[in-house]
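Take a look at the structure set out below.
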Amino acid sequence: MDHVDFITQQWEQERPDLDVTAMGIIGRVKRLYLAYQSEMEKTFQRFGLNAAKFDVLATLRRAGAPYELSPGDLLKATMVASGTMTNRIDRLEADGLVRRKVNPADSRSFLIALTDEGLVLINEAVEAHVVTQAGLLAEMAPEDVAIFKALLSKALVAAGSR
């Protein structure tokens, strides 16, 4: 029995007319997210990063060489507001991890590119991040991880179709 069971059992006792199944699932997803995020933040902090900075650097890294994207492509890949992205880029540029460069295809626009220092840092950070994430699932049997992955994928698709 976990904490969410305690909450849903109270609701079931007080309001037996309500089906709180979804409340239990969503409550667990929320608590799980918070637990996972807490551990991942510890890893990011070891590299002088936070989740927002990691997100931008990882997006540029997984884009492949030459590790650069337009601000619009970064926005699409990270799903944050324009002002938020500008702030993230400004901070990463001040840290020497990214640079703005003129877009050779359109001199009126620019690209955001990883610096050499940024590339080294994100390569190290993503390796540690993957280890942290694997550790978060280490207590689960491999077949349970596969089921969990499939069910979460279905839930995400269902939520996105609304």
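Brief remarks on what is shown
- Scanning the range 114-162 for residues that are assigned to a helix (DSSP H, G or I) and open to solvent by 90 Å² or more (accessible area, probe 1.4 Å) yields a count of 13.
- Output for the range 67-86, where each listed residue is surrounded by 14 or more Cβ atoms within 10 Å (Cβ to Cβ) and small (Gly, Ala, Ser): 70, 77
- Qualifying residue in the range 59-66 (condition: without any contact (Cβ under 8 Å) to a residue 12 or more places away in the chain, assigned to a helix (DSSP H, G or I) and open to solvent by 70 Å² or more (accessible area, probe 1.4 Å)): yes
- Output for the range 30-54, where each listed residue is under 18 Å from residue 94 (Cα atoms), open to solvent by less than 70 Å² (accessible area, probe 1.4 Å) and either free of Cβ contacts under 8 Å to residues at least 24 places away in the same chain or in a loop (DSSP other than H, G, I, E, B) (or both): 47, 48, 49, 50, 51
- Failed criterion for residue 124 (all others in (1) farther than 30 Å from residue 65 by Cα; (2) among the acidic types (Asp, Glu); (3) in contact with a Phe, Trp or Tyr (Cβ under 9 Å, 6 or more places away or on another chain) hold): (1)
- Residue in the range 56-73 that is of a type in the set (Lys, Arg), farther than 17 Å from residue 33 by Cβ and at pLDDT below 95 present: no
The values are calculated or read from the model by the stated rules, or taken from the named source; none is laboratory data. Computed from a predicted structure; not experimentally measured. Quick reminder, even Gly has a Cβ in these numbers, built from the backbone with ideal geometry, and neighbours come from all protein chains shown. These area figures cover heavy atoms from the full protein model, side chains too; ligands, DNA and RNA do not enter into them. Shrake-Rupley method; radii C 1.70, N 1.55, O 1.52, S 1.80 Å.
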